[in-house]
Amino acid sequence: MRFQDRVVIITGGGSGLGRLLAHRFAAEGAAVIVADVIAERARAVAGEISDAGGASLPQITDVTSASDVRSMVAATREAFGPVEILINNAAKATDVDFLGMSEEVWDGDVDVTLKGAFLCSQAVLGDMVEAGSGVILNISSVNALAYYGNEAYSAAKAGLLSLTRSLAVRYGPSGVRVNAIAPGTLRTPAWEKRRARDPGIFEQVARWYPLGRIGEPEDVAGAALFLASEEAAWISGAVLPVDGGLTAGNLQMMQEIVKEPDDRPR
Ligand SMILES: NC(=O)c1ccc[n+]([C@@H]2O[C@H](COP(=O)([O-])OP(=O)(O)OC[C@H]3O[C@@H](n4cnc5c(N)ncnc54)[C@H](O)[C@@H]3O)[C@@H](O)[C@H]2O)c1
């Protein structure tokens, strides 16, 4: 098992990708801290892991609160020891028109998505430096690489890539690796409101993906566990798009311009 007795914090671990990552790390032997601002979610996922025989601790943590983050790291240390792997996964994206975006919405999206990663990283880096090893994995987005809406969230996700590089370079000499994954559209509860408005939204979105479908949390988990593992021992400061080819190019657009038929098998 790749993560036997490793101590892993997953922020936003109560839903979607974070929940799946919590289960996958636990299944590979890790002690998983499921940190979420929504108490029932953190408890439910930690309970599922314990019921399956894994080691887990729920933490009710708002990643934008320095005191919450400090308590989370202290509780982790007490239960399992110092944090060895941090997954900065919590994020917030508010669907609102740019001209109508209030300061509160901007600050809310940026605080959860970027400041949260700053606070959590800062809180665990001391122990990692002392241990001479550690892994931080930032869940960014294709929105960090090109514009797909949600200006505040996208700016924060792009900032997260800068933070990834800064920490990778600064703490590399201390044995700490810092990487980022930039997922495309994932089938998670984050899409519930949009799906309620348009039940066919995933099929619509899938047209734009070279691989012909949107992503599942499992598609990201393989990359996340790899980057957190010893198999990636010499990978740091990297940004890995896990996006079904979305950011590689746009054939759909060219086919509409040159009226080239879409010959993909259906
Ligand atoms: N779903 C997608 O299409 C998609 C695409 C690209 C990137 N991502 C990224 O993947 C990650 C996971 O997204 P998801 O789709 O699983 O979302 P989700 O909404 O299913 O889960 C996010 C979790 O974060 C928690 N959270 C929100 N604010 C928090 C805070 N202040 N402190 C702690 N926890 C908080 C929520 O309660 C929720 O349980 C995010 O970083 C997201 O930006 C998702």
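Between amide H atoms placed 1.01 Å from N, distances below 5 Å from D243 occur with G184, all of them 5 or more places distant or on a separate chain. With contacts taken as Cα pairs under 8 Å at a separation of at least 6 residues, the chain carries a relative contact order of 16 percent. Comparing mean-square fluctuations of R187, R207, R41 from a GNM of the chain with C-alpha springs under 10 Å, the top value falls on R207. Among the protein heavy atoms of the chain, carbon and sulfur supply 55% of the accessible surface, probe 1.4 Å, non-protein parts ignored.
Surface exposure of the chain, expressed per residue as accessible area with a 1.4 Å probe, stands at 49 Å². Anyone know which of L99, L211, L227 comes out most mobile in the 10 Å Cα GNM of the chain? Judging by the Gaussian network model, the answer is L99. Potential lengthening of the chain between S71 and V258 amounts to 61.5 nm, from the contour at 0.36 nm per residue minus the alpha-carbon distance.
Restriction of the chymotrypsin sites (Phe, Trp or Tyr not before Pro) in segment 189-251 to DSSP coil positions whose beta-carbon has at most 11 other beta-carbons within 10 angstrom yields W234.
Only helices enter this figure: runs of n ≥ 4 DSSP H residues, each worth -39500 (n - 2.57), summed and divided by the residues of the chain, yield -13500 deg cm²/dmol at 222 nm to the nearest 500. Straightening the chain between Q204 and Q122 buys 25.5 nm, computed as 0.36 nm per residue apart minus the Cα-Cα spacing.
When the chain is treated as a GNM with alpha-carbon contacts under 10 Å, the residue of G116, G81, G12 showing the greatest mean-square fluctuation is G81. Distance from the alpha carbon centroid of segment 28-62 to that of segment 82-156 works out to 20 angstrom. Proximity of backbone amide H atoms, modeled 1.01 Å from N, is registered between S56 and V32 at under 5 Å, excluding neighbours fewer than 5 places apart on the same chain. Computed log10 I(q)/I(0) for the chain at 0.10, 0.12, 0.15 Å⁻¹: -0.50, -0.71, -1.09, from the Debye equation with unit scatterers placed on every C-alpha and solvent omitted.
The values are calculated or read from the model by the stated rules, or taken from the named source; none is laboratory data. This structure is a prediction, so every number in the text was calculated from the model and none was measured. Don't worry about glycine lacking a Cβ; one is built from the backbone with ideal geometry, like all the others, and counts go over all protein chains shown. Only protein heavy atoms, including side chains, enter the accessible area calculation; ligands, DNA and RNA are left aside. Shrake-Rupley method; radii C 1.70, N 1.55, O 1.52, S 1.80 Å.
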